[in-house]
Amino acid sequence: MQRVFDSALKGGAVSRRRFAGVMMVPGLFAFASREPGLLRADEKFAKDANRTLTSLHQQIEIPASPAKLLNAMLDEKQFAAVSGFGTVIDATEGGAFSLFDGLVKGRNIEIVPATRLVQAWRPASWLDGVYSLVRLDLSATQSGTTVVLDQTGFPEGNYDQLALGWYLHYWEPLKKHFA
């Protein structure tokens, strides 16, 4: 990443994708979106009360079966296609993963087919050894899947970036992928 910053400072060519990836590192996903209706994390989600939160809860509908959705999140080729970034995933319990060109890393703790995914999850910007617990519970609906996300144990000050990041980099791309 330092090479990308150095290249940009010296006037060298940096791809938009690489630049966007690097810009996500400091706040992990706290960058401005120009899509209609989406504001920067500090404009839409930032609330003083959120600064001390260390867990978040989200519920979202995705137009795919639980099995297809879980497969898209655990298959490195599918997730790379969904995210647009380099992805390495060992889709077994205990298997390591690296997402968004290495900006998010972790291990799969529990995989219950078409039902649940639990991961030890961390952005590269956090201190070494600091992980949060991500639990995704999947329930079939008539129109696809209800996903319930619970992420716990992340450092204070990360709530806003994580809350927006899940929508921008997981839920919206997955909805588009399955539309």
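The values are calculated or read from the model by the stated rules, or taken from the named source; none is laboratory data. Source: prediction; values computed, not measured. Cβ coordinates were reconstructed from backbone atoms using ideal geometry, including for glycine residues, and neighbour counts include every protein chain displayed. When the accessible area is computed, the model is the full protein with side chains, heavy atoms only, and any ligands, DNA or RNA have been set aside. Shrake-Rupley method; radii C 1.70, N 1.55, O 1.52, S 1.80 Å.
Between Ile109 and Thr146, the modelled labels are 2.3 nm apart [label points 7 Å from Cα along Cα→Cβ].
Could you work out the Rg to Rh ratio of segment 107-163, with Rh taken as the Kirkwood radius (inverse of the mean 1/r over all Cα pairs)? Let's see the in-between values first.
Values: Rg = 13.1 Å, Rh = 12.6 Å.
My calculation puts Rg/Rh at 1.05.
Using alpha-carbon positions, what is the distance between the centroids of segment 74-125 and segment 146-161, in Å? Their Cα centres are 16 Å away from one another. Most tightly packed first, judged by the mean number of other beta-carbon atoms within 10 Å of their residues, the peptides 164-173, 72-81, 139-148 read 164-173, 72-81, 139-148. On a per residue basis, segment 50-108 carries 46 Å² of accessible surface, using protein heavy atoms and a 1.4 Å probe.
Label positions at Ala124 and Ala179, each projected 7 Å from the Cα along the C-beta direction, are separated by 2.9 nm.
Segment 41-179 has equivalent-ellipsoid semi-axes of 23, 18, 14 Å, by the square roots of 5 times the alpha carbon gyration tensor eigenvalues, sorted largest first.
Reported to two decimal places, what Rg/Rh ratio describes segment 42-106 when computed on Cα atoms with Rh from the Kirkwood expression? The partial results should precede the final answer.
Values: Rg = 15.0 Å, Rh = 14.1 Å.
With Rh from the inverse mean 1/r over Cα pairs, Rg/Rh is 1.06.
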